[in-house]
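Enquirer: The structure that follows is given in the form of structure tokens.
The values are calculated or read from the model by the stated rules, or taken from the named source; none is laboratory data. Quantities reported herein were computed from a predicted structural model and do not represent experimental measurements. Backbone-built Cβ (ideal geometry, glycine too); neighbour counts: all protein chains shown. The area values use the complete protein model at the heavy-atom level, side chains included, leaving out ligands, DNA and RNA. Shrake-Rupley method; radii C 1.70, N 1.55, O 1.52, S 1.80 Å.
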Amino acid sequence: MLEPAALLVEFSDHMRRGNLPGPVLDLASGEGHNGIYLATLGLQVICCDRSGDALAAALRLAAEHGVRIRTWQEDLEVPGVNPLPVEAFGAIVVFRYLHRPLFPAIRKALRQGGILVYETFTADHAKFGKPRNPDHLLQPGELRKVFEDWETIHWFEGEKTDPLRAVAQIVCRRPRGGGGGG
């Protein structure tokens, strides 16, 4: 069963309009539900995760849904290494994952005019369950600040239900012409 994130479904039109400047990267994709959903919309998708088992499951799930995805096995948390190629993606989607040293890499990896869809847990989530490690929980306003110079399409920070969680969400576009990558 394919279970993409509600935020992604809600804002997928921003990627389907035919002017996406490159493939979609589903970052820390796990079994690829979000990336496979986008592939069913006709988008080129690369699912990236460090788990070969998760990526193999993603390939099977994609085949079950009659779509093709590319997979990329990569440890995104090697200290001092930027694993993402510069200006390579038309969209990047990130859900339930936070590794702060990747923020500059994400900014540089998205092409001008590209879309970022990001949702992960905030510090308030610790009262609901895992994760509880502050390294994996955003501080208030942190995600918005990282992308404050990009065009914000959607912003939310607070509690969501089904399942109950405390999250920050941003959907934004990297500006065309000049800055925004650093």
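Enquirer: Kindly check whether there is at least one residue in region 20-43 that is of a type in the set (Val, Ile, Thr), touching a Lys or Arg at 6+ places or on another chain (Cβ under 6 Å) and modelled with pLDDT of 95 or more. Step through it out loud before you land on a result.
Expert: Here is the first cut: in region 20-43, the ones of a type in the set (Val, Ile, Thr) are 24, 36, 40.
Okay, now just the ones that are also touching a Lys or Arg at 6+ places or on another chain (Cβ under 6 Å), so none.
Within region 20-43, not a single residue is of a type in the set (Val, Ile, Thr), touching a Lys or Arg at 6+ places or on another chain (Cβ under 6 Å) and modelled with pLDDT of 95 or more.
Let's see how each residue does on (1) over 15 Å from Phe95 (Cα atoms); (2) buried (at least 22 other Cβ atoms within 10 Å of the Cβ); (3) hydroxyl-bearing (Ser, Thr, Tyr):
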{"residue": "Pro134", "(1), (2), (3)": "yes, no, no"}
{"residue": "Pro163", "(1), (2), (3)": "no, no, no"}
{"residue": "Arg174", "(1), (2), (3)": "yes, yes, no"}
{"residue": "Gly177", "(1), (2), (3)": "yes, no, no"}
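Enquirer: Would you point out which residue out of Ala88, Ala5 is in contact (Cβ under 8 Å) with a residue 24 or more places away in the chain, closer than 22 Å to Arg165 by Cα and surrounded by fewer than 19 Cβ atoms within 10 Å (Cβ to Cβ)? Outline the logic, then answer.
Expert: Numbers: Ala88 fails: closer than 22 Å to Arg165 by Cα.
So the residue among Ala88, Ala5 that is in contact (Cβ under 8 Å) with a residue 24 or more places away in the chain, closer than 22 Å to Arg165 by Cα and surrounded by fewer than 19 Cβ atoms within 10 Å (Cβ to Cβ) is Ala5.
Enquirer: Given the options Val78, Val117, name the one that is touching a residue at least 60 places away in the same chain (Cβ under 8 Å), open to solvent by less than 70 Å² (accessible area, probe 1.4 Å) and either β-branched (Val, Ile, Thr) or part of a loop (DSSP other than H, G, I, E, B) (or both). I'd like the intermediate steps shown before the answer.
Expert: Working: Val78 fails: touching a residue at least 60 places away in the same chain (Cβ under 8 Å).
Residue meeting the stated conditions: Val117.
Enquirer: Of all residues in region 91-100, count the ones that are part of a loop (DSSP other than H, G, I, E, B) and open to solvent by less than 70 Å² (accessible area, probe 1.4 Å).
Expert: To start, the set of residues in region 91-100 that are part of a loop (DSSP other than H, G, I, E, B) comprises 96-99.
Within this subset, residues satisfying the condition of being open to solvent by less than 70 Å² (accessible area, probe 1.4 Å) are 97-99.
The qualifying residues number 3.
Enquirer: In region 1-17, which residues are of a type outside the set (Gly, Ala, Ser) and part of a loop (DSSP other than H, G, I, E, B)? Even if it seems obvious, please write down each step before you answer.
Expert: Going through region 1-17, the residues of a type outside the set (Gly, Ala, Ser) turn out to be 1-4, 7-11, 13-17.
Selection gives Met1, Leu2, Glu3, Pro4, Arg17.
Enquirer: Step by step: first the residues of region 84-139, then only those that are under 10 Å from the mean Cα position of the chain (by Cα) and among the charged types (D, E, K, R), then the one that is modelled with the lowest pLDDT. Which residue is that?
Expert: My answer is Arg96.
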